[in-house]
Every structure is written in C-alpha cells, then in structure tokens.
1. When you scan segment 1-46 for strands (runs of 3 or more DSSP E) that lie fully inside it, which ones turn up with 2 or more residues that are among the hydroxyl-bearing types (Ser, Thr, Tyr) and at pLDDT below 90?
2. Against the definition (in contact (Cβ under 8 Å) with a residue 40 or more places away in the chain and either among the polar types (S, T, N, Q) or touching a Pro at 6+ places or on another chain (Cβ under 7 Å) (or both)), how does ILE45 come out, yes or no?
3. Checking PHE74 against (1) within 17 Å of VAL33 (Cβ to Cβ); (2) surrounded by 15 or more Cβ atoms within 10 Å (Cβ to Cβ); (3) touching a residue at least 60 places away in the same chain (Cβ under 8 Å), which test does it fail?
4. Scanning segment 83-118 for residues that are in a loop (DSSP other than H, G, I, E, B) and among the charged types (D, E, K, R), which turns out surrounded by the fewest Cβ atoms within 10 Å (Cβ to Cβ)?
5. What pairs come out if I take residues in segment 84-113 that are closer than 16 Å to ALA51 by Cβ and pair them with residues that are assigned to a loop (DSSP other than H, G, I, E, B) whose C-beta lies under 6 Å away, six or more apart or interchain?
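The values are calculated or read from the model by the stated rules, or taken from the named source; none is laboratory data. A quick note: this is a predicted structure, and the numbers were derived from the prediction, not measured. Every residue, glycine as well, gets a Cβ built from its backbone with ideal geometry; the counts of neighbours run over all protein chains shown.
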Amino acid sequence: MRRTTIVLTGLLLISCGLKPPLVLTREGQGLEVSVATLGEYPTSICRIKLADLETGRSVWELRAKGRVPKIWDFRLEPGFNEAQLKVVVGGQYEIVVPAGQKKFLLEKGSRYEISVWNEECNRREKAIVIL
C-alpha cells in the first residue's frame, strides 16, 4: 500500500498557535486527517468543515459545543462516514451538517475542501482533497 503525506503547516505556526496543524495521509482509498500538534499531542479544534468544491455545499461540519475539544485525527473515505468523531478529549462537537444525521456521504473522485479552526476559532488551515 502506497502512503503519501502532505504537511500543510510549518512548525513555527504550530508553536505560535496561529493556525492549527493539518496533515493529510492517503491510506488506501481514504485519507487520514491529523491535527496533532508536533505529530503526537491533541489539538484544540473549534470547528471542522468539509465542502464539495463543485457545488460549494457543506457536506460535513462540526462545531464545538461549550468547551473546545481536543483531537488527534480522523479518517475520511469514499462512501458513508460517521458524522461524529469517536475520540474527543475535554469537550464535544455538535453536528451542524448533516443536521440530524449520523452519517454523511463522500463521492469517490470528488474534490473537497477541508478546513479546521484553532481553539479561538479565528484562524484556520485548509486543504483540497480528492477521494
């Protein structure tokens, strides 16, 4: 299995707390999305959004509910994905999109923009992904 890693944030930005880290690793047909600080510590992420680039429509969005949770990573795959993250520390997320649903659908070959926001929700890192 071929493994490709794309690092989208420099160490200086991570250590200054400006933008959250965002590392995408292709594994099989899916992507491992890591927001771990220095590759191993959980990071406070107040919002996660995945938008379809062709339509501009949000297909998945989570927002912190109360205290901002810390997370390490999550996986995206073509087909149905769980809308709520399984491993979250110190808080919870509310599912904004798809409202009232437990899963969301990602189409193989489609282009998406993934965005993650820092603890204060004033800085974000984003990347374009193709599943």
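1. Of the strands (runs of 3 or more DSSP E) lying wholly inside segment 1-46, those with at least 2 residues that are among the hydroxyl-bearing types (Ser, Thr, Tyr) and at pLDDT below 90 span 3-7.
2. In short, yes.
3. (3)
4. LYS86
5. That search, which allows pairs on different chains as well, returns ILE95/ALA83; PHE104/ALA83; PHE104/PRO98; LEU106/PRO78; LEU106/LEU131; ARG111/LEU53; GLU113/LEU53.
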